[in-house]
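Just so it is clear, none of the values below were taken in a lab; they were calculated from the coordinates. On a predicted model such as this, the values are computed, not experimentally measured, just so you know. In this analysis, Cβ positions are derived from the backbone assuming ideal geometry, glycine residues included, and neighbour counts consider all displayed protein chains.
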Amino acid sequence: MEKYEIKHTFVKVNKKFVRINYGELLFIEGLKDYILIRTLYKKYIVHKNIGNFTNHLPRHRFVRIHKSYTVSIDHIETVTSNKIEIGPHLIPIGRFYREKILSLLHIKEIKIS
């Protein structure tokens, strides 16, 4: 029997459930009791906690890089010692998450100049 991979999630926005395809999801930003979900085409503000939401995403596609950010690995364009670039967005890498991120992305070391 083949294993079926779920490629989307639903989030409640303005009393409706909106489908978010994982391939279109760029990053999630935590805003206290809410999260901002940024996709290729839209953004959504949802009443959820970033930790709980991140835990329901596929771990091989998304990674927490800061206490306030989770990003799509597929959409990462550039990485510096303290930031990740996804399209026009520069997202900070938290000190606590730095080594894990660099290892996951197979980056040996970034020297700060």
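Roughly how big is the chain's charge dipole about its Cα centre, with Cβ charges of +1 (Lys, Arg) and -1 (Asp, Glu), in debye to the nearest 20?
Using only the charged Cβ atoms, the result is roughly 400 debye.
Once you put a point 7 Å from the Cα of ARG95 and another 7 Å from the Cα of ILE73, both along the Cβ direction, what distance in nm separates them?
The modelled label-to-label distance comes out at 2.7 nm.
Over the chain, what is the relative contact order in whole percent, taking alpha-carbon pairs under 8 Å and six or more residues apart?
So the answer I get is 16 percent.
Could you tell me how far the Cα centroid of the stretch 1-55 sits from the Cα centroid of the stretch 68-105, in Å?
18
Would you calculate a helix-derived [θ] at 222 nm for the chain, using -39,500 (n - 2.57) for each DSSP H run of n ≥ 4 and dividing by the full residue count, to the nearest 500?
-2500 deg cm²/dmol
Nearest 0.05, what FRET efficiency do ASP33 and LYS108 give at R0 = 25 Å with Cβ-Cβ as r?
Taking R0 as 25 Å, the efficiency between ASP33 and LYS108 is 0.05.
Quick one: 3J(HN,Hα) in Hz for the stretch 50-57, Karplus 6.51/-1.76/1.60 with θ = phi - 60°, rounded, Gly and Pro as x.
Coupling constants for the stretch 50-57: 4, x, 5, 5, 4, 5, 9, 8 Hz.
Compute for the stretch 1-48: radius of gyration divided by Kirkwood radius, i.e. Rg/Rh, restricted to C-alpha atoms, rounded to two decimals.
For the stretch 1-48, the value is 1.05.
Rounded if a/c is under 1.5, else prolate if a/b is larger than b/c, else oblate: which is the chain, with a ≥ b ≥ c the root eigenvalues of its Cα gyration tensor?
Verdict is prolate for the chain.
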